[in-house]
Amino acid sequence: MNPRRPSTHDIFIEGWGRLGPSWGISKMMAEIYALLYVSPSPLTLEDMSSKLATSRSNVSTNVRGLLDLGVVHKMIVRGERKDYYTAEDDITKVAKLLALAKKRKELDPAMETVDKALAAANDARDAATAQKLEELKRHMEFVNAIFHAFAGGEADPKSLAHVIRVKDTLS
């Protein structure tokens, strides 16, 4: 007996699911997004649960997270009591939203830690540690500015000028 050959949708959903953790979201969130992205029409939680062979509560929890990120949208279908969901079709917008979420989750706390440690090093008059932390802070500010530039140019001109100076010191 020949095993069932995976459909194009199956290949995309499974592959997207494997990539999700790299983007700062769970495998299930990535699979739900991929399913909605390739779906020709909006889906209910039950539809997604059935297609992904997982519990409705698991789908519901992950859809809430995707709604919070802004990469999935709830739709009202007249005459239906259930909620329907669609994926954000603008992949550039999705990439920006995921990048900013990852930045908030990973880079922002790291920058806060460096700032606190730098203040402590300066208070303790520990010049060697302060110098290392200043260098680390410059690198992190560069990465932060890249995130902001990618996400829509939120960085102000002064901070972009600083990025250019940092870039020159990295070369």
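Things worth noting here:
- Of all the criteria given as (1) at pLDDT 75 or above; (2) open to solvent by 50 Å² or more (accessible area, probe 1.4 Å), the one not satisfied by THR169 is (1).
- In segment 51-95, of all residues being modelled with pLDDT under 95 and surrounded by 17 or more Cβ atoms within 10 Å (Cβ to Cβ), the one that is farthest from ILE13 (Cα to Cα) corresponds to LEU69.
- Any hit, segment 97-108, residues being among the small types (Gly, Ala, Ser), surrounded by fewer than 16 Cβ atoms within 10 Å (Cβ to Cβ) and out of contact with any strand residue (DSSP E or B) (no Cβ under 9 Å at 6 or more places or on another chain): no
- Considering only residues in segment 1-36 that are open to solvent by 70 Å² or more (accessible area, probe 1.4 Å) and among the β-branched types (Val, Ile, Thr), the one that is farthest from the chain's Cα centre (by Cα) turns out to be THR8.
The values are calculated or read from the model by the stated rules, or taken from the named source; none is laboratory data. Every value quoted in this text rests on a predicted model; they were computed, and no experiment measured them. Cβ coordinates were reconstructed from backbone atoms using ideal geometry, including for glycine residues, and neighbour counts include every protein chain displayed. Note: accessible area is taken over every heavy atom of the protein model, side chains too, but ligands, DNA and RNA are not part of it. Shrake-Rupley method; radii C 1.70, N 1.55, O 1.52, S 1.80 Å.
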